[in-house]
Every structure is written in structure tokens, then in C-alpha cells.
Amino acid sequence: MNIKRILSMVLVIVWMVIVFYFSHQQGEGSGNMSRTVATKVVEIIDIRRNIAKESKNEIAKFLEPIIRKLAHLSIYVLGGIIICNCIIRFISQDIVNIILSGTIGIIYAISDEIHQLFIIGRSGNVKDVLIDSLGVFIGICVHLLIIKIIDKFRANSVVKGGE
């Protein structure tokens, strides 16, 4: 087995372990992380320092669920890229790669939400599975787009090199 295949499988496993780690945090710890990020975002937005503390707290409270959902989406975009990169090392047909990568990503998203059912202060959420699945498919599209761009550059460099 070649090194690129092994490395791509290791990256998928590392990604899965990281997602598992974040999902294994109890509700309070996970909430604190989102709250901290939301508070930092409000501090960055308040460039002129003229937003009242009470308003900052309300803005942060409003941003917190958005940040949580964006975190779900972005971590699964990364997962879609990594999973697709791994599968493409074994299967070069785009449609099979898309279906298999998407299936693996969705199954992992479902298992992640089931895992959260057993964590204190957490819950499994169908909406999160949908957001995660969207992230996986965005990641797959990004990966396939990057591959197409690289192929186009390679084709152009071969043509230019042959002149």
C-alpha cells in the first residue's frame, strides 16, 4: 500500500477522533466554548468600544447558536474533504467517490449525534445531522473542484512544455 493511501486514512481517523473528542465534552464545557468564541467575536466587532456591556452579552447570546452551527458545518466540510481525498486514492470514479464519501460522512454524523445522547448535558439533534451532512457534501465538492483545477493546470503545463 502506498504512503498517500496510508496518510489519507490516518487523516480520516484523526479527524474522527477530534470530532469524537469535541462531542464527548459535557454540555457545559461545549457551551462555554461557544460562549467564549461568541464573546470574542463581539469584542472584535466593537472596534470603537461603544457597545454597552449589557448589549454585548445579548449579541453574544444571539451569536452563540450560530457559531455552534457554523462549527458543525465547518468541521464536517473539512471531514468531507478528508474523506473524499481518502476514497479517491482507492476509487477514481467521481460518482462512486461522491456516494461513498457522502455515505461515510453521513453515517459518522449520525453516530456522532447518537454518541452525544450518552453525554451529560448534550443531546442528539437531527438538525445537526443535516448541517453536518451539508458540510460533508460541501467538502466533497470543494475537494473535487480542487482536483479539477489541479488537473487543468497540469494539462496546461504539459501543453506549454511541449511547445
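Quick rundown of the values:
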item	result
Peptides ranked, highest mean first, by Cβ atoms within 10 Å: ranges 35-45, 125-135	125-135, 35-45
Three semi-axes of the equivalent ellipsoid, the chain, Cα gyration tensor, whole Å, largest first	36, 23, 12
Whole-number D in µm² s⁻¹ for region 63-112, Kirkwood Cα-pair radius fed into Stokes-Einstein, 25 °C, 0.890 mPa s	211
Inter-label distance for Lys152 and Lys53, nm, one decimal - labels placed 7 Å from Cα along Cα-to-Cβ	5.4
Share of Cα-Cα pairs in region 93-141 lying beyond 17 Å, as whole percent	37
Estimated FRET transfer efficiency when R0 is 22 angstrom, pair Asp94-Val17 (beta carbons, to 0.05)	0.20
Lysine pair count for region 16-145 [Cα-Cα under 24 Å; pairs on different chains or 8 or more apart]	9
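Coordinate-derived values only; no laboratory data. Note that the structure is predicted; figures quoted are calculated from it, not measured. A quick note on method: Cβ atoms are made from the backbone with ideal geometry, for glycine too, and the neighbour counts reach across all protein chains shown.
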